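The values are calculated or read from the model by the stated rules, or taken from the named source; none is laboratory data. What you see is a predicted model; the values in this text were computed from it and never measured. Counting neighbours? That spans all protein chains shown, and the Cβs are built from the backbone with ideal geometry, glycine included. Quick note on the areas: whole protein, heavy atoms, side chains included, nothing else; ligands and nucleic acids left out. Shrake-Rupley method; radii C 1.70, N 1.55, O 1.52, S 1.80 Å.
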Amino acid sequence: MTETCGCACAQDTGVSRRKMMLRLGAGMTAAGAALMGVPILGFVLSAFTRPTHAQEWVSIGPIEQFPAEQTRLVVYQNPATRPWDGDTAHVPCWVRRIDEQRFQVFAINCTHLGCPVRWFPESKLFMCPCHGGAFYEDGSHASGPPPRGLFEYQHKIEDGHLMVMGGYLPTLAEPL
């Protein structure tokens with residue numbers, strides 16, 4: 001048997017300590033779920049709100065900087081970049097000038113596993129250091145495990161500048 005003094009401190013407020021802790025825990029769980037759920041939902045929905053490929057013509061330099069019958073490494077700014085992309089916004093490619101008005105522009109990636117290929121002018125071959133893939137100067141497959149030749153970018157000459165279709169990086173699943 002308990003006795004009460006009848007003062008305000010002994011009155012029942014209807015909320016027990018157990019109920020208060022349960023509500024506090026549920027509220028913190030809901031806040032944590034919202035903090036985790038909003039970024040995840042934004043990531044999932046972002047695929048539907050932005051274009052998959054922002055392609056546009058990009059100048060990689062005046063045609064005078066590419067001597068005839070030579071292959072040079074050139075880097076251009078990817079038009080589909082964001083401020084936080086850093087060095088990945090710079091896309092390297094190999095430019096081969098065949099004659100006065102004919103060019104070939106190759107993606108730097110090997111068609112086997114995507115390793116960067118190097119140009120060896122002495123042998124006139126592109127070589128992949130990862131698994132020994134080799135490509136002729138026209139980009140066709142010479143030897144090794146790559147299933148096809150190098151990816152070739154669309155290009156054109158406009159106002160004395162060599163332009164490439166930038167904004168899309170090729171893969172075996174989605175070649176150029």
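A few points about this structure:
- Count of residues meeting criterion [assigned to a loop (DSSP other than H, G, I, E, B), at negative phi, of a type in the set (Gly, Ala, Ser) and surrounded by fewer than 15 Cβ atoms within 10 Å (Cβ to Cβ)] in the stretch 110-153: 2
- Qualifying residue in the stretch 6-15 (condition: open to solvent by 100 Å² or more (accessible area, probe 1.4 Å), modelled with pLDDT of 85 or more and either acidic (Asp, Glu) or touching a Pro at 6+ places or on another chain (Cβ under 8 Å) (or both)): no
- For the stretch 86-103, the condition holds for at least one residue, the condition being that it is surrounded by 11 or more Cβ atoms within 10 Å (Cβ to Cβ), of a type in the set (Phe, Trp, Tyr) and closer than 21 Å to PHE120 by Cα.
- The stretch 62-81, residues that are surrounded by 15 or more Cβ atoms within 10 Å (Cβ to Cβ) and in a strand (DSSP E or B): THR71, ARG72, VAL74, TYR76
- Residues that are touching a Phe, Trp or Tyr at 6+ places or on another chain (Cβ under 8 Å), under 24 Å from ASN78 (Cβ atoms) and among the aromatic types (Phe, Trp, Tyr) do not occur anywhere in the stretch 157-175.
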